[in-house]
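Peer 1: Encoded as structure tokens, here's the structure I'll be asking about.
The values are calculated or read from the model by the stated rules, or taken from the named source; none is laboratory data. Quantities reported herein were computed from a predicted structural model and do not represent experimental measurements. Quick reminder, even Gly has a Cβ in these numbers, built from the backbone with ideal geometry, and neighbours come from all protein chains shown.
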Ligand SMILES: [Zn+2]
């Protein structure tokens, strides 16, 4: 229905492939397998959240809309482009707020953590935005009288189109893109948005139209190609850790600063603690430079690392690709079944399946980070799936439930097999983890 992005995703993988071919022909190194997979996994986490709350958001919007006397007539054609315009306009403010307010930035930064720029970055959407932070910014659309279906479709189209500006393939010098870029957001404008140079920071928030940026003073054209990524560098391919990363960092900063004031001045300590979550990322970094927190690497240190290893991917040992892909297989299949075949399991079963997929995201993330803890998550998701199947099946297990239990047992064995295999592989003496090699 209104979930447009779901239909756009397969098309999206196609253009990601075409972009890869384009880059290879030009000899450009614009994507690494791990970062691309990390981006896609982050997108899956967001999709998992939306399986739950898309229906709720649509319901809440419709309920609120019913109490608005001036709702636009859904049958009129003009409503659809007008809904698109409203959605795009509100997105500008949503996006700007997510760059200027600490706790919102901590959610949005996930989208900016990629140090590469290719279509897969478009898939790297911020899961917490889908969960809670984006929805309130669209409240004015309800109040303006935009009906639910046109709004959700327009918003989905807007989000899908926005995936397309994440590429290095469209030159800033081409006459076509220069013309398009007068009114619309282009890959060049959006590359600026992902840059971390001072002149590029917090610029070009627009989704479809760039006119909002020109109107509200946040427009910046691309001069030199930006250095992509967030100033605080992410060192994991795991989507769950990526979501938590900036919150953990801000928590540590808030704790450190507040505890320096101590309980002799409790009000000031609380004020400082709260201000960390509200101040802009730049103010936070500026203050951090004045009042460093020992547990954190300094921004300079991050920058030095980055200079040394640009395009080298994340600073973690190379994953075992066979293991990572074998771990990905049941996750991708489960996702496909739930998302596209829409079997509509009941409440608790749906939650059980969601937890299974969440454990899968964690397991693949851990595999991509080449961590020894992989086996724990494989045992975990195998046990979880088997328990879930046994709980769902009626006792005593009749013929109708036999397929379910047998299927779950086969997949659980898959997980246990991977766990045992990885334990063997990662045994310190003969593991594939990077060993420190002594001179002698
Ligand atoms: Zn942004």
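Peer 1: Please state which one of 420, 391, 359, 413 is at pLDDT 80 or above and in contact with a helix residue (DSSP H, G or I) (Cβ under 6 Å, 6 or more places away or on another chain).
Peer 2: Details: 420 fails: in contact with a helix residue (DSSP H, G or I) (Cβ under 6 Å, 6 or more places away or on another chain); 391 fails: in contact with a helix residue (DSSP H, G or I) (Cβ under 6 Å, 6 or more places away or on another chain); 413 fails: in contact with a helix residue (DSSP H, G or I) (Cβ under 6 Å, 6 or more places away or on another chain).
Within the list 420, 391, 359, 413, the selection yields 359.
Peer 1: Exactly one condition in (1) free of Cβ contacts under 8 Å to residues at least 60 places away in the same chain; (2) within 15 Å of the ligand (Cβ to nearest atom); (3) farther than 26 Å from residue 249 by Cβ is not met by residue 203; state its number.
Peer 2: The single condition residue 203 does not satisfy is (3).
Peer 1: Follow-up question, since we're still on this one. Could you tell me how many of the residues in the stretch 97-124 are more than 12 Å from the ligand (Cβ to nearest atom) and part of a loop (DSSP other than H, G, I, E, B)?
Peer 2: So the count comes out to 5.
Peer 1: Scan the stretch 76-88 and give yes if some residue there is within 25 Å of residue 219 (Cβ to Cβ) and within 11 Å of the ligand (Cβ to nearest atom), otherwise no.
Peer 2: No - not one qualifying residue is present in the stretch 76-88.
Peer 1: Return a yes/no flag: does the stretch 108-115 have any residue that is in contact (Cβ under 8 Å) with a residue 24 or more places away in the chain, more than 25 Å from residue 285 (Cβ to Cβ) and surrounded by 20 or more Cβ atoms within 10 Å (Cβ to Cβ).
Peer 2: no
Peer 1: Another question about this same structure. So is residue 192 out of contact with any strand residue (DSSP E or B) (no Cβ under 9 Å at 6 or more places or on another chain), assigned by TED's automatic domain parsing to the domain that holds residue 126 and not in a loop (DSSP other than H, G, I, E, B) or not?
Peer 2: When the stated conditions are applied, residue 192 does not pass them.
Peer 1: Would you point out which residue out of 183, 153, 157 is touching a strand residue (DSSP E or B) at 6+ places or on another chain (Cβ under 9 Å) and more than 16 Å from the ligand (Cβ to nearest atom)? Spell out the reasoning first.
Peer 2: Working: 153 fails: touching a strand residue (DSSP E or B) at 6+ places or on another chain (Cβ under 9 Å); 157 fails: touching a strand residue (DSSP E or B) at 6+ places or on another chain (Cβ under 9 Å).
Just a single option satisfies the conditions, and that option is 183.
Peer 1: Does residue 169 count as part of a loop (DSSP other than H, G, I, E, B) and within 16 Å of the ligand (Cβ to nearest atom)?
Peer 2: Details: part of a loop (DSSP other than H, G, I, E, B): yes; within 16 Å of the ligand (Cβ to nearest atom): no.
For residue 169, the condition - part of a loop (DSSP other than H, G, I, E, B) and within 16 Å of the ligand (Cβ to nearest atom) - is not met.
Peer 1: Quick check on this structure: which one of 45, 14 is over 15 Å from the mean Cα position of the chain (by Cα) and either assigned to a helix (DSSP H, G or I) or assigned by TED's automatic domain parsing to the domain that holds residue 351 (or both)?
Peer 2: On the way: 45 fails: over 15 Å from the mean Cα position of the chain (by Cα).
Just a single option satisfies the conditions, and that option is 14.
Peer 1: Could we say that residue 235 is in contact (Cβ under 8 Å) with a residue 40 or more places away in the chain, within 16 Å of the ligand (Cβ to nearest atom), closer than 28 Å to residue 361 by Cα and surrounded by fewer than 17 Cβ atoms within 10 Å (Cβ to Cβ) here?
Peer 2: no
Peer 1: Taking the stretch 125-150, which residues are away from the ligand (no atom under 13 Å from the Cβ) and part of a loop (DSSP other than H, G, I, E, B)?
Peer 2: In the first step, residues of the stretch 125-150 are kept if they are away from the ligand (no atom under 13 Å from the Cβ); the result is 127-128, 130-132, 135-150.
145, 146, 147 - these are the residues of the stretch 125-150 that are away from the ligand (no atom under 13 Å from the Cβ) and part of a loop (DSSP other than H, G, I, E, B).
Peer 1: Something else about it: Which of the residues spanning the stretch 92-114 are farther than 16 Å from residue 207 by Cα and within 14 Å of the chain's Cα centre (by Cα)?
Peer 2: Once the filter is applied, which keeps residues that are farther than 16 Å from residue 207 by Cα and within 14 Å of the chain's Cα centre (by Cα), the stretch 92-114 yields 104, 105, 106, 107, 109, 110, 113, 114.
Peer 1: Can you name the number of the only condition in (1) touching a helix residue (DSSP H, G or I) at 6+ places or on another chain (Cβ under 8 Å); (2) over 30 Å from residue 188 (Cβ atoms) that residue 229 fails?
Peer 2: (2)
For (1) surrounded by 15 or more Cβ atoms within 10 Å (Cβ to Cβ); (2) at pLDDT below 90; (3) part of a helix (DSSP H, G or I), each residue gets a yes or a no:
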site	(1), (2), (3)
294	no, yes, no
303	no, yes, yes
312	no, yes, no
318	no, yes, no
324	yes, no, yes
327	yes, no, yes
334	yes, yes, yes
337	no, yes, yes
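Peer 1: Given the options 94, 50, name the one that is more than 16 Å from the ligand (Cβ to nearest atom) and either part of a helix (DSSP H, G or I) or at pLDDT 95 or above (or both).
Peer 2: 50
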